[in-house]
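One structure is given here, and the rest of the page talks about it.
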Amino acid sequence: MLFKKEKTRSEIAEELRNTEDVDDEKITVNHKSYKRNNKTVALIKILRNFECQICGLSILKKDGTKYVEAAHITPKSEKGKESAENIILLCPNHHKEFDLGHCTIIERNINEIRFDLNGKNYNVSLTSN
């Protein structure tokens, strides 16, 4: 364990101030890779205006284009596909919340998904138009 939860914020800040500058460790993480259909994802982003389907926001990039992430409703690890029925567009914060938070799907069909995410209910369109 890198730290104890019993430390106060000031103790943690003091430890951080006293941390010596050392070379970074190289860490290797074993992971699986999955094939993606980037063309389908790009088409979904265009049709849904590159906006988070929860908050309506996106990140404006230096080149003037919008950035938004494609989240799989059924994860790739569970054979989820890149299709309009399995992709929702989310800003980075909502994408992480969707992946890591408490998400309960209430209803899902080819047109929409209703879900509870950390105590808030959402109704998101899955249609391509």
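What follows draws every value from the coordinates through simple rules; no lab data is involved. Note that the structure is a prediction, hence the values are computed from the model and not measured. Cβ coordinates were reconstructed from backbone atoms using ideal geometry, including for glycine residues, and neighbour counts include every protein chain displayed.
GLU51 versus TYR67, label points 7 Å from Cα toward the beta carbon: distance in nm?
Once both label points are built, they end up 2.0 nm from each other.
For region 62-111, please report how many Lys pairs fall under 21 Å Cα to Cα, leaving out neighbours fewer than 8 apart on the same chain. Present the calculation step by step, with values, prior to reporting the outcome.
On the way: LYS66/LYS96; LYS76/LYS96; LYS79/LYS96; LYS81/LYS96.
For region 62-111, qualifying lysine pairs total 4.
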